[in-house]
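The values are calculated or read from the model by the stated rules, or taken from the named source; none is laboratory data. Since we're looking at a predicted model, the values are computed, not measured. Glycine also receives a Cβ, built like all others from the backbone with ideal geometry; neighbour counts cover every protein chain displayed.
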Amino acid sequence: MVLTKRSKARKVSKTEFEIVLPDVGKLYKLIQVDLKKCPPKTPTYSCEIDDWVDAINFVIAYQNR
């Protein structure tokens, strides 16, 4: 998956988010698993959708500045 400046991650619902890659015409939908089955692996690791969306959008913004 190649993220470009036109890529975007966005939360769709409480348990789902998507990554849009308009340069290649792709849309990936990701679904959150039950957080009880996905405990944090370290104090700085998160399974929360909001954290993933923020992190992906940060990478997109950082690489394209």
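Of the numbered criteria (1) among the aliphatic types (A, V, I, L, M); (2) touching a residue at least 60 places away in the same chain (Cβ under 8 Å); (3) in contact with a Lys or Arg (Cβ under 7 Å, 6 or more places away or on another chain), the one L3 fails is (3). Among the residues of the range 6-29, the one identified as outside any loop (DSSP other than H, G, I, E, B), out of contact with any Phe, Trp or Tyr (no Cβ under 7 Å at 6 or more places or on another chain) and touching a residue at least 40 places away in the same chain (Cβ under 8 Å) is K8.
Each row is one residue, and each column tells you yes or no for (1) within 10 Å of the chain's Cα centre (by Cα); (2) at pLDDT below 95.
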site: K11; (1), (2): yes, no
site: V33; (1), (2): no, yes
site: C38; (1), (2): no, yes
site: T42; (1), (2): no, yes
site: S46; (1), (2): no, yes
site: D51; (1), (2): yes, yes
site: N57; (1), (2): yes, no
site: A61; (1), (2): no, yes
site: N64; (1), (2): no, yes
